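S.K.: I'd like to ask you about the structure that follows.
Coordinate-derived values only; no laboratory data. Given the structure is predicted, the values throughout are model-derived calculations rather than measurements. For neighbour counting, all protein chains shown are included, and Cβ atoms are generated from backbone atoms with ideal geometry for every residue, glycine included.
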Amino acid sequence: MNDREEPTPVPRRKPADQELHYHYNREEREASRKVIWTPPQGSFFRRNRALAIILVDVIVVVLLFFIYLFFLRPMAGQIRIDRYRINTQVFALADEILLTVTVTHDREGDRDQEVQPLLTVSAMGRSVSDLAPLPGRERTIALSLPWSLLPSSSELAASITIGDDRREFSLQVPRDSLD
């Protein structure tokens with residue numbers, strides 16, 4: 001090497017060939033600096049397929065949750081006895097508690113039913129009896145209870161009997177009316 005010569009970079013060698021090959025092109029390097037980034041073509045979900053699948057999964061889970069929430073779960077205060085659907089509500093009035101029970105007969109096809117079973121609603125030692133509704137009809141029974149019979153907890157225990165079937169349930173008396 002001469003004193004005036006500058007050191008050159010070590011070239012790469014091909015294993016089969018002992019010739020020296022330099023892999024450098026100044027024009028290519030300068031051209032690559034001037035490349036402007038362009039966003040990829042296509043919609044956001046076409047470029048991110050995994051994100052689209054996750055989004056579809058989340059939508060399906062939310063739909064299943066709402067189907068269960070509005071159509072499949074048992075409603076609060078609703079009881080089923082055989083072919084009867086029973087809705088219960090408690091109202092706190094100034095000097096008494098009002099328990100209302102609405103019984104609906106679900107089947108329309110049993111019109112030729114010969115005997116209507118006896119329907120009895122009882123709570124805190126008091127009871128009201130009536131005939132169960134005919135198919136496709138509903139019947140509402142109200143039971144008035146004095147505040148003095150309510151135990152210290154604000155929970156009202158009651159039972160419903162239709163024919164030989166009996167169900168016991170408890171309802172929460174609204175707290176704002178207990179003061």
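S.K.: For the residue pair E138 and I54, what label-to-label distance in nm results when each label sits 7 Å from Cα along the Cα-to-beta-carbon direction?
M.R.: 4.6
S.K.: I would also like to ask the following. Can you give the direction-averaged projected area of the convex hull of the alpha-carbon atoms in the range 78-177, in nm²?
M.R.: 6.2
S.K.: Right, next: Show me the ranking of peptides 115-126, 45-56, 62-73 by mean Cβ neighbours inside 10 Å, starting with the highest.
M.R.: 115-126, 45-56, 62-73
S.K.: In addition: When Lys and Arg each count +1 and Asp and Glu each count -1, what net charge do the other residues less than 10 Å away from P40, Cβ to Cβ, add up to?
M.R.: Charge balance in the 10 Å sphere: +2.
S.K.: What are the ³J(HN,Hα) values, in whole Hz, obtained from phi via the Karplus relation 6.51 cos²θ - 1.76 cosθ + 1.60 with θ = phi - 60°, for each residue of the range 45-53 in sequence order, with x given for Gly and Pro?
M.R.: 7, 6, 7, 10, 4, 5, 5, 5, 5
S.K.: L64 versus S43, label points 7 Å from Cα toward the beta carbon: distance in nm?
M.R.: 2.4
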